[in-house]
1. When only residues in segment 144-160 that are in a strand (DSSP E or B) and in contact (Cβ under 8 Å) with a residue 60 or more places away in the chain count, which is farthest from Leu68 (Cα to Cα)?
2. For segment 38-53, give me each residue that is in contact (Cβ under 8 Å) with a residue 24 or more places away in the chain and open to solvent by 20 Å² or more (accessible area, probe 1.4 Å).
3. Only residues that are charged (D, E, K, R) and in a loop (DSSP other than H, G, I, E, B): list them for segment 102-139, please.
4. Among Lys164, Lys128, Lys132, which is the only one that is charged (D, E, K, R) and open to solvent by less than 70 Å² (accessible area, probe 1.4 Å)?
5. Check whether at least one residue in segment 9-21 is assigned to a strand (DSSP E or B), modelled with pLDDT under 95, charged (D, E, K, R) and surrounded by 11 or more Cβ atoms within 10 Å (Cβ to Cβ), and report yes or no.
6. Please work out which residue is farthest from Ile62 (Cα to Cα), limiting yourself to segment 111-131 and to residues that are aliphatic (A, V, I, L, M) and in contact (Cβ under 8 Å) with a residue 24 or more places away in the chain.
7. Mind listing whichever residues of segment 26-37 are surrounded by 11 or more Cβ atoms within 10 Å (Cβ to Cβ) and out of contact with any helix residue (DSSP H, G or I) (no Cβ under 9 Å at 6 or more places or on another chain)?
8. Taking the stated definitions as given, is Leu92 at pLDDT 95 or above, closer than 28 Å to Glu31 by Cβ, out of contact with any Ser or Thr (no Cβ under 8 Å at 6 or more places or on another chain) and crowded, with 18+ Cβ neighbours inside 10 Å?
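The values are calculated or read from the model by the stated rules, or taken from the named source; none is laboratory data. Here the structure is a predicted model, which means the values were calculated and not measured. As a convention, Cβ positions derive from the backbone with ideal geometry for all residues, glycine included, and neighbour counts pool all protein chains shown. Please note that ligands, DNA and RNA were not included when accessible areas were found on the heavy atoms of the full protein model with its side chains. Shrake-Rupley method; radii C 1.70, N 1.55, O 1.52, S 1.80 Å.
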Amino acid sequence: MKIIVLSLLLFTSISFSQSLEKNEVDEFTGEKVKATEWMGLAYTLDGDMRYRLCMVDTVAAINIKMILSYHDIYSVSKGDELLIKLSTNEVLKGKSIKSVFSCKGCGAVDLMGSNAYGLNTMYYIDKKTLQKLKTTPIAKIRIYTSAGTVERELKPKRAEKFIKSVNLLN
């Protein structure tokens, strides 16, 4: 019984702690490459959203996987904005790196959502934005898609986890 309880506690602490999934130097380019684990950003009846943060040398990006419950086919175009509203009401922006279309399993992390239509998109964020995200909680995010805007409020606990993720990059 003690072993089962100890195993559950260990598994829980490992699965909910944040860490870098990738932290290496590319042997060909010499660039430092970092990426956090996938974490939940927002869950609603309309779908869910997960993120991970990536950095290659000094260029940072937010990678978002999204599943919209009431839409199968939708897209995000290159240059579309990701709007991030902070708890201070300041609005920060990211730009979509490329155009992406939803596909079956594209919004999935592991098996969760692997049979649903979703998309995997990435947004560049500048150094100034990254610095603000290190200390100020996110209140809400907005993503522009061909199916319309997708807005999600972040619960305070998720906003704090996001701050921890940003701080893992440095």
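1. The residue in question is Glu153.
2. Once the filter is applied, which keeps residues that are in contact (Cβ under 8 Å) with a residue 24 or more places away in the chain and open to solvent by 20 Å² or more (accessible area, probe 1.4 Å), segment 38-53 yields Trp38, Met39, Thr44, Leu45, Asp46, Asp48, Arg50, Arg52.
3. At the first step, the residues of segment 102-139 found to be charged (D, E, K, R) are 104, 110, 126-128, 132, 134.
Scanning segment 102-139 gives Asp110, Asp126, Lys134.
4. Testing whether each residue is charged (D, E, K, R) and open to solvent by less than 70 Å² (accessible area, probe 1.4 Å) leaves just Lys132.
5. yes
6. The selected residue is Ala116.
7. Across segment 26-37, the qualifying residues are Asp26, Glu31, Lys32, Val33, Ala35.
8. Details: at pLDDT 95 or above: yes; closer than 28 Å to Glu31 by Cβ: yes; out of contact with any Ser or Thr (no Cβ under 8 Å at 6 or more places or on another chain): no; crowded, with 18+ Cβ neighbours inside 10 Å: yes.
So Leu92 does not fit the description; no.
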